[in-house]
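Here the structure comes first, spelled out in structure tokens, and everything after it is commentary.
The values are calculated or read from the model by the stated rules, or taken from the named source; none is laboratory data. Please read all numbers here as calculations on a predicted model, not as lab measurements. Counting neighbours? That spans all protein chains shown, and the Cβs are built from the backbone with ideal geometry, glycine included.
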Amino acid sequence: MKKYNKFILLLLSIFLIFSGCSNRGRLEIKESSKPKTIESVSEETASETTSEVTSEKTSAARTTTEKSSTEKSKKSLAVSTTKEIKQDHQERLEVHFIDVGQGDSILIKYGDYNMLIDGGSQDRSCYNYLQDQNIDSLDYVIATHPHEDHIGGLIEIVESIEIDTIIMPNVTHTSETFDNFLTSVAFSRAKVFQPNVNDVYNFGDASFTIVAPVSDFYEDLNNYSIALKLNHGDNSFLFTGDIEAISELEIISSNQDISADVLKVAHHGSDTGTTDQFITAVTPSYAVISCAQDNSYGYPDLKVLQRLRDNNIDIYRTDLQGSIIASSDGKSISFNQKPNNGLIAGTLPTTEVLQTITTQTPISAAPQNISETTGEQTVTIEATIKSTVESTVESTVEQTIAQTVTQSSVPPTTTLVTEAPIIQPAVAPYIGNSNTGKFHHSSCSSVDQMNPGNKVPIYDRNDAINQGYVPCKRCNP
Ligand SMILES: [Zn+2]
Ligand SMILES: [Zn+2]
């Protein structure tokens, strides 16, 4: 967070120098997401803007809770927005799961109110969609976590669309995309909040509650994802970013009410999440998976599709059906198309291709940078993979995935394998994380939390250092 603060402060001071300290472009960062009262927000907006629409919507739109009294305020908040809002439950709330290829982007429209959860990657799909929908202002932008397939597309949107509030997790990332995103945020007029579980934000006479992240520290960036539950009358939607089983378990353990009619399936349908326990806790009637057709990560996973189907959940998929629009009148939810409940799983590149890529890519130089660039765990060269991915029939999907997962969990360099001692101990004393570039004692608690696909057995400490792995600060291997 230090680095993030310095960065923002530097940008801010440069900007203030050039702008002669004018009010325009003023950046507010609410590090603790310390809630504001409606009154203070109203005063502030009234003094800083002449735009009627903005000031009215701002004062109505946001209410956050005092952390110390979240339980009490959760109930009272729905009542507290009052005058500007039409108490009209007839108004339809629309949730657009935008087809942004590989990534997430969800536009929520409710009368004059607009909200965006993630913006997909930088290919402008989200931006173009917002243009088509005539969206010229957003009350909320939620940047669930700093991976490129979630924040890449937000950069241009933050630069060009009036945004009232941005909510983003308290985590930094060293990618160029994230730096650019922070710059766009710093130069926008939006207020910036960090997520606190149980904080409630008003969205017209609907509202949403922050559900995750529950903890402050995670091994994997995906688990920093903001998850939130949107309530509209009797209907509810649960948005989960890329959370994995660890975050899901924390949410369940924290005894929050996460039951929802519609579940945005976490992490593009990867088997890293959407556990049976989580599905049981949410008990959705509908599930939406956002991913690209023929993506190189093998999303969605067959096991996830199977679990959803076993629970009689209707499945909608952007890879097969394009943008999905769910519409709620506060009592029931309808979709713009029929569900696609087939067990058509994503396929991973074949073993042969992965081997070629592993040898061609200088992963050892900076394992972390590569995962940052791709935004996911598997290292890929898209063009190569696309031309060589085998189309696998349903019955062989599971077998293919099993093979490729084994292949993708090899250490990030081929030399690591060849340099390992000939007589290896049965259990490696160290475990590397191919996603974060850190290594741990095999007994470190972080190892249990790691994705099996990212675990790299390491037999010699020097090897780990030579391969670019950084020692874990917890277990000091
Ligand atoms: Zn993602
Ligand atoms: Zn991610």
Q: Would you check if there is a residue in the range 107-120 being over 22 Å from residue 268 (Cα atoms) and not in a strand (DSSP E or B)?
A: yes
Q: Answer yes or no as to whether residue 466 is more than 29 Å from residue 275 (Cα to Cα) and either in contact with a Phe, Trp or Tyr (Cβ under 9 Å, 6 or more places away or on another chain) or at pLDDT 80 or above (or both).
A: no
Q: Residue by residue through the range 173-199, note down the ones that are more than 24 Å from residue 297 (Cβ to Cβ) and within 15 Å of the chain's Cα centre (by Cα).
A: 194, 195
Q. Based on what the data block shows, is residue 234 acidic (Asp, Glu), under 29 Å from residue 438 (Cα atoms), out of contact with any Asp or Glu (no Cβ under 8 Å at 6 or more places or on another chain) and modelled with pLDDT of 95 or more?
A. no
**Q.** Cβ pairs under 6 Å, 6+ apart, first in the range 230-242 and in contact (Cβ under 8 Å) with a residue 24 or more places away in the chain, second within 16 Å of ligand 2 (Cβ to nearest atom) and charged (D, E, K, R)
**A.** 239/264; 240/264
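Which of the following residues is without any contact (Cβ under 8 Å) to a residue 24 or more places away in the chain and surrounded by fewer than 24 Cβ atoms within 10 Å (Cβ to Cβ): 131, 122? Walk me through it before giving the result.
Values: 122 fails: without any contact (Cβ under 8 Å) to a residue 24 or more places away in the chain.
Result of the check over 131, 122: 131.
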Q: Could you grab me the full set of residues in the range 129-162 that are under 15 Å from the mean Cα position of the chain (by Cα), among the hydrophobic types (A, V, I, L, M, F, W, C) and in a loop (DSSP other than H, G, I, E, B)?
A: 143
Q | Residues of the range 434-462 satisfying the condition of being more than 21 Å from residue 248 (Cα to Cα) and in contact with a strand residue (DSSP E or B) (Cβ under 7 Å, 6 or more places away or on another chain) | A | 434, 437, 438, 439, 440, 441, 442, 456, 457, 458, 461
Q. Just one of 242, 271 is within 12 Å of ligand 1 (Cβ to nearest atom), touching a helix residue (DSSP H, G or I) at 6+ places or on another chain (Cβ under 6 Å) and either at pLDDT 95 or above or not small (Gly, Ala, Ser) (or both); which is it?
A. 242
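Residue 188: farther than 25 Å from residue 295 by Cβ, among the small types (Gly, Ala, Ser) and either within 16 Å of ligand 1 (Cβ to nearest atom) or touching a Gly at 6+ places or on another chain (Cβ under 9 Å) (or both), yes or no?
Working: farther than 25 Å from residue 295 by Cβ: yes; among the small types (Gly, Ala, Ser): yes; either within 16 Å of ligand 1 (Cβ to nearest atom) or touching a Gly at 6+ places or on another chain (Cβ under 9 Å) (or both): yes.
It is true that residue 188 is farther than 25 Å from residue 295 by Cβ, among the small types (Gly, Ala, Ser) and either within 16 Å of ligand 1 (Cβ to nearest atom) or touching a Gly at 6+ places or on another chain (Cβ under 9 Å) (or both).
Any idea which of 167, 151, 106 is surrounded by 24 or more Cβ atoms within 10 Å (Cβ to Cβ) and within 14 Å of ligand 2 (Cβ to nearest atom)? Explain how you work it out, then say what you get.
Values: 167 fails: within 14 Å of ligand 2 (Cβ to nearest atom); 106 fails: within 14 Å of ligand 2 (Cβ to nearest atom).
When all the criteria are applied, what remains is 151.
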Q | Hey, residue 124 under 19 Å from the mean Cα position of the chain (by Cα) and either farther than 19 Å from residue 205 by Cα or away from ligand 1 (no atom under 14 Å from the Cβ) (or both) or not | A | yes
